[in-house]
Amino acid sequence: MVSLNQLVAVCLLYVAGLFVVAFLAERAATRGQAGWLLRSPLVYTLSLSIYCTAWTFYGAVGYAARSGLEYVTIYLGPSLVMIGWWWVLRRLVHIGRTQRVTSVADLISSRYGKSNTLAIVVTVMSVIGVTPYIALQLQSVVLSLSIFAAPDVGLITTDIPAFNAPQAAFWVATGLALFTVLFGTRNLNVNDRHPGVVIAVAVEAVVKLFALIAVGVFVVWGLAGGLSETMARLDASDIGTWQVQGGRWVALTMLSAAAFLCLPRMFQVMVVENDDERHLQIAAWAFPLYLMLMSLFVVPIAVVGLDLLPAGSDPDLFVLSLPLSQGQNGLAMLAFLGGFSSATSMVIVATLALSTMVSNHIVMPVWLSVQGEGASQSGDVRHVIILSRRLSILLIIALGFLYYRTSGGGALAAIGTISFGGVAQFLPAMLGGLFWRGATRTGALFGLGTGFALWVFTMLLPSFGQGGALSVATFEQGLFGLGWLRPQALFGIGGLDPTVHAVVWSLSLNTAVFVVVSLFTFPSPIERLQGAQFVTVQDTAGPARSWAASVAGSEDLMIMAQRILGAPEAQAFFQAEARAQGRLGDFPEPTPTFVQALERELAASVGAATAHAMVGQIVGGTSVSVQDLLAVADESAQMLEYSSQLEAKSNELSATAAELRRANEKLTQLSAQKDAFLSQISHELRTPMTSIRSFSEILRDATDMTGPDKTCYASIIHTETIRLTRLLDDLLDLSVLENGQVSLHKRTSALSDVLDLAVTTALAGAARPLRIHRNRADESVQLTTDLDRLAQVFINLVANAQKYCDAPDPALVIAVTQRDDMLEIDFVDNGRGIDAEAQSVIFEKFYRISGVAGVGAGLGLSICREIMTRLGGSIAYVSGRDEGAFRVLVPLQHVTDEMRQEAAIEGAI
Amino acid sequence: MARDPVFLERKSYRRRRLLDAVRLLPLLGLALWMVPLMWAVPTTQPSEGVPMSAALYYVFGIWGGVLLAGWALWRRTRPDQDQS
């Protein structure tokens, strides 16, 4: 019989041995030696064996003794996942490596836009989910110790006077915590890879496999007497037939597969510690082989244990109690070491993984925000990380101890499935994140929340027993007396196995809520970018986002990196980067590539979100995140709009300038016209003035002038004065007309009357006769206009014809035609008309047809045109005829501008 | 002996089909391991059901078969095979 003290001594020796192995491995790793072993697929495969904990080592036999072959489902699920590595694990490992993911919480938070909320939720859920599992390890170690303390092998062990189970559990927990702190956070290297731990886990994997197989071989060939005898014994035993419920078979296989992917410790060894993605392909068949060997002898040990040991022995301890009862102390010691290995390796890796999550996602963000003064302040931050990890380890193991004390033990397998159910809730968010771009952060949060709440209600709380955490009334009548809220018969569907019930409801509602909420929510830009990177990871392995680090001094980054990576490591990293950039000296250019590499390096220590926050503080928030890019895009869109507005404005301006230029040209022209007009006027005025002055001088100075001469000279002066007066009258008239100051006196009369007046006036005192041809019938039209002005126009035209018609027998035809509300009056004489080149200018002021005798000032036609414009009509020379022809258009009803406006307003009303 | 048509690219074609097999192997394993769902579960007479030894042989036989198949596929498809 082995004494307890001997056992403790062996354990301590074993642990010390492991510690040495880990130390040597870590030293070799930092020196870059022994890579063939440390980074071999064998070590990778063996490190995966932390899946097989004390639950496997002790619990599987107990499980088999109670429920037959059902225990094997716990290993079938992971085997399927490994065999199907191509579907999920390949992608998971690749993403984990490219994104420098540090934990399952980091993965989920990274996928959903580096959301720290999500990371905290996943961390808290993991801690709660894994707590029963750690309690299970404590319990198994305590049980295995107790069996050595028992005076009579195999009996129920709780009432042994020499052995105080709670006290033993406390010391085991303390020992494990110390061991983990020493192992995992021994040195200041807070990088999330632990080659020492991995190699220790691999050694422990060999120890536990060897121990279990040794016990199995002893049982089959030493006790049962060979393979065929063992098989016969199996069939004859209480568990000799297939008794597994179909629902449990499927549900437990699925649950173990899900938990294998989601367990924080599995994620740690499978993804974080992975060195080469090709190792996964080897582990794909090697790890199922390991699982198969581990579960191969479980049923024989259970059956032989049931046969040989006294009734009432704890089947969870058959692996130990069988060799002990046969006096095989050495084998028992080996088995104890195997179980101890299983428990310790699980506790170390699980608490390490959890403490990484707790410190990265809860402690560090809180600490950073409490510090608040910026990441480049103060000294080394690594002691904070180390301290937070150590405290997290203590906290997690303390929680496990607390659970062990409250739940009061129970079958190991039952505790294990509770833990599996908890972590399996990550599966929808995780797989959805890897395969579905539409998965959103809100969806993940709601899904996780739903699944977790259901798990707590249907699995965790009931595990404390009826009347424990939940009252008996809740079990029977449902929560708050609501019948459909019974923890083991949700929605009134009873009769299901509690485990199947909890797994089916929590996972299916989790998935449903996750999908539905994802469908109806909208992801943020950064989330969409991360989603795209995760889902299409095999195709593109681009950076998550880049830094524009122009502001970030390399020195500042160096200061921060030293605090997290450690001074020598940070300097080595910076020097390597500087060399890679082809620069001499210690500091590389803070290019986006470099800053991003640094962020990833930091992310490996403190998690992606924290690393990003820290680099962001240094770089001064100039991270070119997607939000920033969107903001930039918004700004450039605004600038585009602004510039197009400017362009429109400038077009408008140039149009205005062109208009102004045209106006200026017109003004210049007008000015020239005015000058010409003034010189014309001066000329016109000077001619009569000259003759008046000359003749009046003659009259004044000549003393011997006869009467007739005097009369003659005086009459010349008179004539010239009249001419001057008429010229001035015309000018005045024209000016009045042009300025629009003329007031029209409208009257109604027949056209013929107007023409009569005009002809009479024009021909009064004419030197030459002019025959007038008129059609009186056409002229009997009534019209309302300023008749005096119209008559003035007619007089002018008739007088012109009389003056300028060069025909031997001058004649004038006045033809009247009515078109709609206009009257067309043509004045056609039988002269030779006006030359083509003169036609365009006859209406200009002071134009007189050269070579033609005449006395006018050349203002008559100008005045006519102005008058006709005022009367709403027009006057034009009809070209293309051999004779002189003027056409006057005059409206029947004169309409002024004001009248037109009034008419328009009335029409509008 | 007739020549192989050049365009068939037998090697890469075979490799792709082997990768298909890698993808399908877990489904085969799942299907075979779910066969016990169809076994009768004895209610009154324990001797009626499938005996434990047969169940063990079946479950572990598939286990061995699946991982042997996985090993064989790995031998044929591992990346360093390409160079040889």
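With contributions of -39500 (n - 2.57) from each DSSP H run of at least four residues, the per-residue ellipticity at 222 nm computed over chain A stands at -21500 deg cm²/dmol. Distance from the alpha carbon centroid of segment A:268-315 to that of segment A:670-726 works out to 140 angstrom. Within chain A, the ratio Rg/Rh, alpha carbon atoms throughout and Rh by Kirkwood, equals 1.53. Residue by residue along A:84-93, Cβ atoms of other protein chains within 10 Å of the local Cβ number 3 on average.
Over all pairs of different C-alpha atoms, segment A:628-737 has a mean inverse distance whose reciprocal, the Kirkwood radius, equals 20.2 Å.
Compactness check for segment A:683-732: Cα Rg over 2.2 N^0.38 Å is 1.26. Here segment A:774-816 yields Rg over Rh of 1.04, to two decimals, using C-alpha coordinates and the Kirkwood radius. The mean count of C-beta atoms from other chains within 10 Å of the C-beta of residues in B:60-71, rounded to a whole number, is 5.
Which helices, counted as full DSSP H runs in chain A, have an axial Cα extent of no less than 30 Å and a Kyte-Doolittle average of 1.0 or above? Membrane-span-like by this criterion, though nothing is claimed about a membrane: A:4-31, A:116-149, A:195-217, A:329-358, A:382-407, A:498-520.
The lysines within cross-link reach of B:Lys11, meaning a Cα-to-Cα straight distance under 20 Å and a gap of 8 or more places when in the same chain, come to none at all. Evaluating kT/(6 pi eta Rh) at 20 °C and 1.002 mPa s, with the Kirkwood radius of segment A:235-292 over Cα pairs in the Stokes-Einstein relation, gives 152 µm² s⁻¹. Measuring how big segment A:180-273 is from its alpha-carbon positions, Rg and Dmax come out at 20.1, 58 Å.
Straight-line reach only, C-alpha to C-alpha below 30 angstrom: list the lysines that A:Lys649 could link to, leaving out same-chain residues fewer than 8 apart. In chain and number order, the partners are A:Lys666. Got a sec? Charge dipole of chain A, +1 on Cβ for Lys and Arg, -1 for Asp and Glu; which of A:Phe534, A:Val742, A:Val197 is way out at the positive end? Farthest towards the positive pole: A:Val197. Exceedance of the 21 Å cut-off in Cα-Cα distance is limited, within the set A:Lys710/A:Lys803; A:Lys803/A:Lys845; A:Lys674/A:Lys845, to A:Lys710/A:Lys803. Name the residue farthest towards the positive end of the dipole of chain A from the options A:Val504, A:Leu653, A:Ser109, assuming +1 on Cβ of Lys and Arg, -1 on Cβ of Asp and Glu, about the Cα centre. Sorting the options by dipole projection puts first A:Val504.
Rule-based calculations on the coordinates, nothing more; no lab input. As the structure is a prediction and not an experimental result, all values here were calculated from the model. Neighbour counts are summed over all protein chains in view; Cβ atoms, including those assigned to glycine, are modelled from backbone coordinates with ideal geometry.
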